[in-house]
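S.K.: Below is the structure I would like to discuss, written out as structure tokens.
The values are calculated or read from the model by the stated rules, or taken from the named source; none is laboratory data. From a predicted model like this one, the values you see are computed outputs, not experimental measurements. Note: ideal-geometry Cβ built from the backbone for every residue, glycine included; neighbour counts use all protein chains shown.
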Amino acid sequence: MPKKGEHRIMVGLTCKVCGHRNYVTTRNKLNTAEKLALKKFCNKCKKVTDHKETEKLK
Ligand SMILES: [Zn+2]
């Protein structure tokens, strides 16, 4: 059996408007196969914008 937590990957959430990475979060790639897309507050745009998953961190 795989160890608990093995399928959690860290990803960055980037603002679609300005391209600034505002959040780092984790995703379980077994439970959530597709990339994340969320509405989040962007510190650069000073408003809630669409954010998408852009990078895998370790
Ligand atoms: Zn932005």
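S.K.: Suppose the filter is under 9 Å from the mean Cα position of the chain (by Cα) and modelled with pLDDT of 95 or more; does residue 20 pass it?
M.R.: no
S.K.: If you scan segment 7-17, which residues turn out to be in contact with a His (Cβ under 7 Å, 6 or more places away or on another chain) and assigned to a strand (DSSP E or B)?
M.R.: Scanning segment 7-17 gives 13, 14, 15.
S.K.: Name the pairs: first residue in segment 28-46 and aliphatic (A, V, I, L, M), second residue more than 16 Å from the ligand (Cβ to nearest atom), Cβ to Cβ under 8 Å, at least 6 apart or on different chains?
M.R.: From segment 28-46, the pairs are 30/7; 36/11; 36/25; 36/27.
S.K.: Please work out if residue 47 is exposed (fewer than 11 other Cβ atoms within 10 Å of the Cβ), at pLDDT 95 or above and on the phi < 0 side of the Ramachandran plot. Break it down stepwise before answering.
M.R.: Values: exposed (fewer than 11 other Cβ atoms within 10 Å of the Cβ): yes; at pLDDT 95 or above: yes; on the phi < 0 side of the Ramachandran plot: yes.
Yes; evaluated as a whole, the condition is true for this residue.
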